[in-house]
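S.K.: Sending over a structure as structure tokens; questions will come in a sec.
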Amino acid sequence: MKTCPDCGAEFSTSVEKKSRFCPDCGKQRIEKTWKRQMRVYGMLILGGMALILIDYMQFKGGDVAIQQASPLLLASLVLGGLGLMGGLFGFSLALFFSMWHKKRH
Ligand SMILES: [Zn+2]
């Protein structure tokens, strides 16, 4: 028998070999992890969108032509795109796994 450090409940180690926590707390922890990941990726998406939007407005304003755009502007555009795509990818992955975990019980 092991004692769960979260709620103090005792649980059999043969069932949850890998976890330090009882099955209930283990489940909650997994869900919290996915939720935290989704929040991080969500911020990445927002940050990427904001970056692209700012750059886009500069282009649209006619102040900067794409040929004479500064390396910094181009870099921030690329960075924004990467953040947006990476964020979307990570977000859908976290969403998929959290739904998959919910389906199993
Ligand atoms: Zn517990």
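The values are calculated or read from the model by the stated rules, or taken from the named source; none is laboratory data. Keep in mind that what you see is a predicted model, and the values were worked out from it rather than measured. Note that each Cβ is placed from the backbone with ideal geometry, even for glycine, and that neighbours are counted across all protein chains shown. Ligands, DNA and RNA are stripped out before the accessible areas are found, and what is left, the full protein with its side chains, is counted by its heavy atoms. Shrake-Rupley method; radii C 1.70, N 1.55, O 1.52, S 1.80 Å.
S.K.: Residues to consider are GLY26, GLY80; find the one that is of a type in the set (Gly, Ala, Ser) and at pLDDT 90 or above.
M.R.: That would be GLY80, the only listed residue that is of a type in the set (Gly, Ala, Ser) and at pLDDT 90 or above.
S.K.: For region 2-32, enumerate the residues that are open to solvent by 60 Å² or more (accessible area, probe 1.4 Å) and part of a helix (DSSP H, G or I).
M.R.: ASP24, LYS27, GLN28, ARG29, ILE30, LYS32
S.K.: Looking only at region 10-17, decide whether some residue is out of contact with any strand residue (DSSP E or B) (no Cβ under 8 Å at 6 or more places or on another chain) and modelled with pLDDT of 90 or more.
M.R.: No, because not a single residue in region 10-17 is out of contact with any strand residue (DSSP E or B) (no Cβ under 8 Å at 6 or more places or on another chain) and modelled with pLDDT of 90 or more.
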